[in-house]
1. Once you have the Cα-Cα distance between M246 and D68, take 0.36 nm times their residue separation minus that, and quote the gain in nm to one decimal.
2. Please list S46, S124 from largest to smallest accessible area, probe radius 1.4 Å, with all protein chains kept in place.
3. Starting at the first residue of the stretch 157-166, write each ³J(HN,Hα) from the Karplus equation 6.51 cos²θ - 1.76 cosθ + 1.60 with θ = phi - 60°, in whole Hz, x for Gly and Pro.
4. Roughly what would the spin-label model give for L139 and H204, points 7 Å off Cα along C-beta, in nm?
5. Could you calculate the contour length gain from V103 to A224, that is, 0.36 nm times the residue separation minus the distance between their Cα atoms, to one decimal place in nm?
6. Work out from phi, with θ = phi - 60° and the Karplus expression 6.51 cos²θ - 1.76 cosθ + 1.60, the ³J(HN,Hα) of each residue of the stretch 57-67, listed in order in whole Hz, and give x for Gly and Pro.
7. With the other protein chains left in place, how much accessible area per residue, in square angstrom, belongs to the stretch 117-185 at a 1.4 angstrom probe?
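The values are calculated or read from the model by the stated rules, or taken from the named source; none is laboratory data. Not measured: the values here are computed from a predicted model. Here Cβ is always computed from backbone atoms with ideal geometry, including for glycine, and neighbour counts include all displayed protein chains. These accessible areas exclude ligands, DNA and RNA; they are computed on the full protein's heavy atoms, side chains included. Shrake-Rupley method; radii C 1.70, N 1.55, O 1.52, S 1.80 Å.
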Amino acid sequence: MSAMRQIAPKPAPTAQRAVATATETRAEERGRTAAEIEVLAAESRSTDPAVGTVLTRLADAVRRGDRDEIHGYADAVDARVVAEMLTGKRSWIWGAFEVARNVLVFAPIMVTWFGLSRATDAYSILLTAKPELAAKPFLLLWEQGFEAAPGVVTFSTVAIIDASLIALLILLSLVIHIRADVRDVATRTQALLKESQIRGLLGHATSLATSELPDTEADAILDAMAAEERRIYERAMEREQQLFDMEAAVGELRDAARTLARAAESIAANREEAKR
């Protein structure tokens with residue numbers, strides 16, 4: 001009977017192999033994710049070393065699989081700030097243009113009141129010397145220079161200076177708005193896309209730390225990530241729509257600039273006629 005008994009084969013350790021394979025897969029995935037975070041850290045370090053350091057420590061925590069450190073460092077990273085920092089490189093020239101525009105807002109008022117103050121002083125002196133000129137209009141005497149009074153800027157000259165300053169102000173505003181509302185739309189779109197990439201990377205790193213969570217909680221995290229991704233995508237589409245909406249505003253600014261130029265030419269022509 002012993003000869004007739006068959007020896008049963010040893011069961012293959014399939015469960016052990018599955019566990020070992022899953023462990024190796026998670027380790028490889030952590031390594032790839034850590035490498036991507038290190039690339040992001042290298043990009044951020046040149047602009048903000050503190051952010052680069054946090055991302056480097058996050059990469060180390062992901063590679064080790066330290067759940068608590070992954071959550072801590074991932075929560076410390078603001079994806080929007082990092083994205084704007086990496087994509088929002090702005091030239092100092094445009095900052096100077098904005099400062100010049102803000103200062104020029106008050107320049108026409110200053111020129112007008114300076115010319116008016118000089119004109120009133122000269123008008124008072126002239127009427128004291130020649131009371132018979134009181135019947136003439138103030139603007140006419142001002143345009144005639146109050147009979148060559150020293151330090152007086154004629155009315156037409158003040159008007160031309162004001163018109164030139166306003167035209168320059170409109171031009172600067174037009175250039176700044178074109179860059180901010182048309183060209184910078186592409187920059188903001190890049191920032192949104194970069195933010196989406198960073199959020200996805202941080203979410204994936206966090207998911208590696210929460211791989212042992214129950215399925216319901218893991219599904220909730222994935223749903224929240226998907227909703228955030230949709231929100232960022234919708235914001236990017238809104239920025240693209242603004243690019244088309246600004247065309248009408250730019251056209252109106254150009255029409256205003258042409259109207260102001262014609263007004264300046266008319267004032268200059270009236271001045272020439274007054275001199276004749």
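1. Values: separation 178, 0.36 × 178 = 64.08 nm, distance 4.74 nm.
That works out to 59.3 nm of additional length.
2. S46, S124
3. Once θ is set to phi - 60°, the couplings for the stretch 157-166 become 5, 4, 5, 5, 5, 4, 5, 5, 5, 5 Hz.
4. 7.2 nm
5. My answer for the length gained is 38.9 nm.
6. Along the stretch 57-67, the couplings run 5, 5, 4, 5, 5, 5, 5, 7, x, 7, 4 Hz.
7. 54 Å²
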